[in-house]
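Beneath this line is the structure, given in structure tokens, with notes to follow.
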Amino acid sequence: MQAETLEVDADAAGARLDAFLARRLGLSRSETRWLLARGAVRMDGRVREAGDKGLRLAAGARVEVAAFTRRGERRIAPRAEPALPVLARGPGWLALDKPAGVPVHPHEEEETGTLANFVAALHPEVQGVGEGGLRSGVVHRLDLDTSGVVLFATQPAAWSRLRQAFRRHRVAKRYRAIALGSLPDEGSAELGLVVAQHRPARVRVVDPGDPAASGSARRTRLRWRVRERLAGACLVEVDLETGFLHQIRVSLAHLGAPLAGDRVYGPGAERDPSGAARQMLHAARVAFEEICAESPDPPDLRAALDRLRG
């Protein structure tokens, strides 16, 4: 879209900046926040930022928007290097083994080094699938520092089928994690979680009696089994029955057993005997109908286990 200057008329006076941009440019609210975050909006002689999204507009104000490509029209740069392991594949889908520290998809067109760049090199037809744009083909995501199985869809029908399966909690997801402290041999946790902070993201547990957050809280469920007792820690397998940002990390920390290496919800490095440089959380298995992909423990998780075995 070419650069535009938008004038706030009397009917739009008092509107929020993000709502005004969405209406005049035909964008979603998240797209307008993206424009603000990248410095593409100016008003009153200065660049407006993401924190200005709720700014109330006065009649006669002029809002300048720099030229930009609509999110759904952006394209992922195909890059076959570095090569990533393909764990399984089938008609319209594939499962990759995500290393810790590698993003699932880019945030800018020129960005490379993500799973999506690799998929776009293998399957050019992925462009525009699903959400399209820089999220083309993405079925689900893992945190940047979480490793393991990630599914991509390369055909629209496969994407719709898999997204529906995730929404209906029909996908079996098993994680392996090192939890500090101790947990019962097996158990479950059902908690209300809410996103308490964005950029950097932070999630908190909501008390059922807290009326201030009850409407925005998501009920989450998981089950765990202790696979090995370690020195001051335990190796656990976790089955997610729901999916929510940081769910395993927050839930186990709430139970008094934060993940090794987790500097957001766990103790500082001085009280963490694992020596882990990132949260020890690994998506070991994803299964749905004929789809089954498994990822072995990565080297850093194996090294932390060896240190804790003494």
| request: Mind listing just one residue for me: the one in region 208-254 that is modelled with pLDDT under 90 and hydroxyl-bearing (Ser, Thr, Tyr) and, of those, farthest from the chain's Cα centre (by Cα)? | output: Ser214
| query | Out of the residues in region 113-135 that are within 25 Å of Met280 (Cα to Cα) and assigned to a loop (DSSP other than H, G, I, E, B), which is nearest to the chain's Cα centre (by Cα)? | reply | Thr114
| note | Taking region 267-280 and keeping only residues that are of a type in the set (Lys, Arg) and free of Cβ contacts under 8 Å to residues at least 60 places away in the same chain, one is left with Arg271
| task | Filter region 34-51 down to the residues that are charged (D, E, K, R) and surrounded by fewer than 17 Cβ atoms within 10 Å (Cβ to Cβ), then identify the one that is nearest to Pro106 (Cα to Cα). | result | Arg38
| field | Hits in region 140-164 (condition: in a loop (DSSP other than H, G, I, E, B) and free of Cβ contacts under 8 Å to residues at least 40 places away in the same chain) | value | Arg141
| Does region 171-194 contain any residue that is over 19 Å from the mean Cα position of the chain (by Cα), within 20 Å of Asp262 (Cβ to Cβ) and of a type in the set (S, T, N, Q)? | yes
| said: I need the full set of residues from region 251-292 which are part of a helix (DSSP H, G or I) and either crowded, with 24+ Cβ neighbours inside 10 Å or outside the structural domain of Arg176 (by TED's automatic domain parsing) (or both), in order please. | reply: Ser251, Leu252
| field | Residue list for region 223-236, restricted to those being touching a Lys or Arg at 6+ places or on another chain (Cβ under 9 Å) and surrounded by 18 or more Cβ atoms within 10 Å (Cβ to Cβ) | value | Leu230, Cys234, Leu235, Val236
| remark: Cβ pairs under 7 Å, 6+ apart or interchain, first in region 247-266 and more than 11 Å from Gly181 (Cβ to Cβ), second assigned to a helix (DSSP H, G or I), ordered by first then second residue, are Asp262/Arg249; Tyr265/Arg249; Tyr265/Val250; Tyr265/Ala253
| message | Any residue in region 105-129 that is closer than 18 Å to Arg71 by Cβ sitting within a Cβ distance under 6 Å of a residue that is modelled with pLDDT of 95 or more and among the polar types (S, T, N, Q)? List the pairs, counting only those 6 or more apart or interchain. | response | His105/Thr114; Pro106/Thr114; Val126/Ser136; Val126/Thr154; Gln127/Ser136; Gly128/Ser136; Val129/Ser136
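Every residue, every condition in (1) of a type in the set (Lys, Arg); (2) closer than 30 Å to Leu230 by Cβ, yes or no:
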| position | (1), (2) |
| --- | --- |
| Arg141 | yes, yes |
| Leu144 | no, yes |
| Val149 | no, yes |
| Gln155 | no, no |
| Phe166 | no, no |
| Ala177 | no, yes |
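The values are calculated or read from the model by the stated rules, or taken from the named source; none is laboratory data. For clarity, every value in this text was computed on a predicted model and none was experimentally measured. Cβ atoms come from the backbone with ideal geometry, glycine included; neighbour counts cover every protein chain shown.
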